[in-house]
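Undergrad: Shown below is the structure under consideration.
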Amino acid sequence: MRQEPALQQEIIFDNRGALSQDFRLFLISFLTLYFEIMIIRWLSVEVRIFAYFKNLVLIASFLGMGMGCAFIRKKASLIQTYLLMLCLILLAKVTVAGFSAQNLSAVLSSFEDSHLWGEASFLNETQFTVFKFQLGAILFLMLFFILNVMIFFPMGCLIGRLLSGYANPLRAYSINIVGSLLGIWAFSALSFVPLSPPYWFGIGLLLLLFVGGEGRKAFVICAIAGALTCFAAMDRSGPTRRVIWSPYQKLIIEPKFFVSNGQPIRTGFSMEVNHTFYQNMLDLSDQFKKAHPALFPPEALQYDHYDVAYRFAERADDVLIVGAGSGNDAAGALRNGARHIDAIEIDPSIIMAGKALHPEQPYQSDSVNVVVDDARAYFKRSNKVYDLIVFGLLDSHTLTSSFTNVRLDNYVYTVESLREARRHLKPGGLVVLIFEVQREWLGRRIYSMLEEAFGHPPLCFLDRPGQVRGTGGVVFVNAAQDVLQQSMGRDPNLRAFVEKNKLTYAGNPPLTVDDWPYLYLKDRRIPKLYWVITTGLLIISIFSIFLVKSRLPTIRQVDGHFFFLGAAFLLLEVESISKIALLFGTTWLVNSVIISAILLMILAANFYVAKAPSRPIKVYYGALIVSLLPSYFLPLDALLTGNFALAAIAASIILTMPLFFAGIIFANSFQQSHDLENAFGSNLMGAMVGGLLECTSFLWGLRALIIIGGVLYILSFLFYRSRPRLPA
């Protein structure tokens, strides 16, 4: 291995220090993945725009670590990580020049070709005023990105220095993967408990103290900065304000009051998710209505959105509620005489809040079966049929994973999903879908998807009962054609209500399907907001690299082979995670298992390379390309027939086999590298570019990532043929 003598003397350990070297590499690898997932999780809550752009933090961490690995002669102290972590939290909680992190999402929702929850309040201002707000928000967002790059830069430097000290590249790489794997498991465990952010930051920053080895003064500075960081990360709560960190988001629950005749009346509880309104837990019981008749006019009650679905159904003995939330829909089903209710909700903390606080206590009823699961996964696994299926204002404020642009609810709102829902209907059964439509094209898309799934248009009308009786939304009703006609003919008052509030939607946006599940994009194109953000990221990334390179003129060039390996692998990883989530659901546990399985696949590839007879690397490139073909051409629905468990295993093998061959290629190349730290850094830089290329799925769908990944692997092979290798 070629190394400069001064650097070699600093980083090579003797036999007595070998364990220390392994442990330090393990611990810093553990902490980089731990901090990566932790910051993604925390920022996506406190700065809500990151809930829709989680891979921004991923890209920033790859850039920071990649530069650090490549620039190991740059003396970087871990003090920088501690101080910048504190700055990150303070920036998320303060207001700068009229901008606060809390309103970034609302400001950026003003781009009309994509949808973020939370409307901006300035959209009626002049075009120049809107532009100023947008520009300020983008600059604020870029500041967060720069902070994240700088947080991970010192850790990348340390990883690069440690890698330089290994004579056995596979040993070093395997230690790095094991540390990364356990870092993911550790943070997943903290999310499951669940603990709040001060514990997340405290545990990670405490462990980081044992990595630095920079002297007593640095230790004291880091300890003080770490303590301040934990204090700054604390949430404001009180006797009536509950803050709950679920595996997906932050819930803030407070009592809800309504003033009637000058007197405050407690109507239940309100719930915020990631600092924006999400849902109420309402008391709509007969007893409460009789006690407050002024709030509940009798002529309107039967058409409240928690009750209107049952006006269409001739009978509703068996009811399925997807997106059951804290219990309003289940309470409505009980009030309307349902005998058995399956309530599906993905967030266990919302279920717990409903059980503890909902005024009507629907989840305590023997008639209600609460299932904590992803709605789409339930459609696939269950064989039950229902009189009525209610989509209860099911929407998401976060993504399925840190590695993908697919939102938590995207696979619920596809044509295939609605067809699966239809298969769960009894003869004469109905689907009632209620949605908060804030873009006309979004309403038209849902309307058209239901038309495609059922073969005829749905009924569509607006139902806005008011905050006391529920927020309401746009109601879509579909069933067999004769069932809809019978429902309207049976109840003249219902027909009059629907006709009075009937909605029509213009336009023809593309339908969302499993390969293109982007409900909140207007068209098959990369939205303007992504173009703006990506341009900003590229400018920052290029400037950062040239800035460091100008100070270190002897810096090595990026290794093209490892660069393209990193870009290609991330794209295949994204595609695999998205499809496996479609198979097993988008729950936090499934995502943790998927990412863990990918890392275990890399370890298996390392073991294979270490033990198996050596073969030309072109053999593995050929196997990789061949293994991509089933992933591209074979639809998942073709596999998911017969026994679900066996079919799911077969599909998982097909989807992850390319990653195994990719791991073999990387391990072979890494073993032959002259410059481990530069190879590792180049790979991370490539992964950053792969993260940017992920948005091409907005244009061509998720399967297109397989083609792009295949092209990138071919480029990596061409660079491999021209790169120098160690002699045998």
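Undergrad: Looking only at the stretch 492-509, decide whether some residue is within 27 Å of the chain's Cα centre (by Cα) and closer than 30 Å to SER576 by Cα.
TA: At the first step, the residues of the stretch 492-509 found to be within 27 Å of the chain's Cα centre (by Cα) are 509.
Filter once more, so that each one left must be closer than 30 Å to SER576 by Cα: 509.
Scanning the stretch 492-509 turns up at least one residue that is within 27 Å of the chain's Cα centre (by Cα) and closer than 30 Å to SER576 by Cα.
Undergrad: Mind checking which pairs have a first residue in the stretch 141-165 that is within 21 Å of TYR52 (Cα to Cα) and in contact (Cβ under 8 Å) with a residue 12 or more places away in the chain and a second that is surrounded by 23 or more Cβ atoms within 10 Å (Cβ to Cβ) and of a type in the set (Val, Ile, Thr), Cβ under 7 Å, 6 or more apart or different chains?
TA: Every condition considered, the pairs that remain are LEU141/ILE49; PHE144/VAL47; ASN148/ILE39; ASN148/VAL57.
Undergrad: Another question, if that's okay. Residues being touching a Ser or Thr at 6+ places or on another chain (Cβ under 9 Å) and either of a type in the set (A, V, I, L, M, F, W, C) or outside any helix (DSSP H, G or I) (or both): count how many of those fall in the stretch 558-570.
TA: Within the stretch 558-570, the first condition is being touching a Ser or Thr at 6+ places or on another chain (Cβ under 9 Å), and the residues that meet it are 558-568.
Okay, now just the ones that are also either of a type in the set (A, V, I, L, M, F, W, C) or outside any helix (DSSP H, G or I) (or both), so 558-559, 562-565, 567-568.
Residues meeting the conditions: 8.
Undergrad: To continue, here is another question. Are any of the residues in the stretch 188-211 hydroxyl-bearing (Ser, Thr, Tyr), farther than 19 Å from THR81 by Cα and part of a helix (DSSP H, G or I)?
TA: Scanning the stretch 188-211, I find at least one residue that is hydroxyl-bearing (Ser, Thr, Tyr), farther than 19 Å from THR81 by Cα and part of a helix (DSSP H, G or I), so the answer is yes.
Undergrad: Restricting attention to the stretch 244-272, which residues are small (Gly, Ala, Ser) and either in a loop (DSSP other than H, G, I, E, B) or at pLDDT 85 or above (or both)?
TA: Those that are small (Gly, Ala, Ser) and either in a loop (DSSP other than H, G, I, E, B) or at pLDDT 85 or above (or both): SER246, GLY262, GLY268, SER270.
Undergrad: Also, I was wondering about something else. Tell me which of these LYS256 doesn't satisfy, since it passes every other one: (1) closer than 21 Å to TYR278 by Cα; (2) touching a Gly at 6+ places or on another chain (Cβ under 8 Å); (3) not assigned by TED's automatic domain parsing to the domain that holds GLY354.
TA: Only one criterion in (1) closer than 21 Å to TYR278 by Cα; (2) touching a Gly at 6+ places or on another chain (Cβ under 8 Å); (3) not assigned by TED's automatic domain parsing to the domain that holds GLY354 is unmet by LYS256, namely (3).
Undergrad: Does the stretch 420-432 contain at least one residue that is in the same structural domain as ALA324 (by TED's automatic domain parsing), modelled with pLDDT under 95 and either in a loop (DSSP other than H, G, I, E, B) or under 21 Å from ASN508 (Cβ atoms) (or both)?
TA: The answer is no; no qualifying residue exists.
Undergrad: Something else about it: Kindly state which helices (runs of 4 or more DSSP H) lie completely within the stretch 666-724 and contain at least 2 residues that are closer than 24 Å to GLY156 by Cβ.
TA: 676-693, 704-722
Undergrad: Tally the residues that are modelled with pLDDT of 90 or more, in contact with a Phe, Trp or Tyr (Cβ under 7 Å, 6 or more places away or on another chain) and farther than 14 Å from MET657 by Cα, restricting the search to the stretch 585-617.
TA: 2
The values are calculated or read from the model by the stated rules, or taken from the named source; none is laboratory data. Predicted model, so just to flag it, every value in this text is computed and none were measured. Virtual Cβ from ideal backbone geometry, glycine too; neighbours counted across all protein chains shown.
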